[in-house]
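Here's the structure we're looking at; comments come further down.
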Amino acid sequence: MEIIKVNSDNRGDIYGYKIGERQHIIVTFAEKGIARGGHYHQTDQWHICLAGKLEVKVRDMENEIETTRIMTEGSSILMPAGFAHVFIAEEPSVIAESRIGEYEATDYEPYRKLCRPQ
């Protein structure tokens, strides 16, 4: 297994690795207020908070229902396919994502605009 840095900017870093068909990503949030995500996927994904505290906004794109939840160290959330999501750090944080297959995302602009690097 090789862990590679996928991206780095003022928001933090993204690292990726693959084990068989399963893809994993580690995402860091450098400080409070940093947002990541802002999209939805064609496949289900698991998100695990490894450190810190995050607000997670989730929108069911089919039913147009939005929910908000707080993730803290050790908590996890299954993000179903077709659910837009954005993670907003309430303090420096780290999450891990896991999915089967290659990364594919469709931007959901109301969330995505929160995630663009400043």
statement: Net charge near residue 53 (other residues with Cβ under 15 Å of its Cβ; Lys, Arg +1; Asp, Glu -1) is -1
- prompt: Rounded to a whole number, what % of the accessible area of the chain do carbon and sulfur atoms account for, probe 1.4 Å?
  reply: 50
message: Taking the full set of protein chains and a 1.4 angstrom probe, give the accessible area of residue 22 in square angstrom, rounded to the nearest 10.
response: 80
query: Once the piece of chain linking residue 113 and residue 61 is laid out straight, how much longer is it, given 0.36 nm per residue of separation minus the C-alpha distance between them?
result: 17.0 nm
- request: Taking the Cα centre of the chain as origin, sum charge times position over the Cβ atoms of Lys and Arg (+1) and Asp and Glu (-1), and report the length of that vector in debye to the nearest 20.
  value: 240
message: Using DSSP to call loops (not H, G, I, E or B), can you name the chymotrypsin sites (Phe, Trp or Tyr not before Pro) in the stretch 37-118 whose Cβ has at most 15 other Cβ atoms within 10 angstrom?
response: 103
statement: Averaged per residue, the 1.4 Å probe accessible area of the chain, protein heavy atoms only, in Å², is roughly 56
- prompt: How much solvent-accessible surface does residue 98 expose, in Å² to the nearest 10, with a 1.4 Å probe and all protein chains in place?
  reply: 20
statement: Computed over the stretch 24-70, the distribution of all Cα-Cα distances in 10 Å bins, rounded to whole %, is 19, 56, 24, 1
message: I'd like to know how the chain sits against the 2.2 N^0.38 Å rule of thumb: what's its Cα Rg over that expected value?
response: 0.99
- request: Would you compute, from DSSP H runs of 4+ residues alone, the mean residue ellipticity of the chain at 222 nm, taking -39500 (n - 2.57) per run and dividing by the full residue count, rounded to the nearest 500?
  value: -1500 deg cm²/dmol
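The values are calculated or read from the model by the stated rules, or taken from the named source; none is laboratory data. Note that the structure is a prediction, hence the values are computed from the model and not measured. Cβ atoms come from the backbone with ideal geometry, glycine included; neighbour counts cover every protein chain shown. For accessibility, only protein heavy atoms count, side chains too; no ligands or nucleic acids. Shrake-Rupley method; radii C 1.70, N 1.55, O 1.52, S 1.80 Å.
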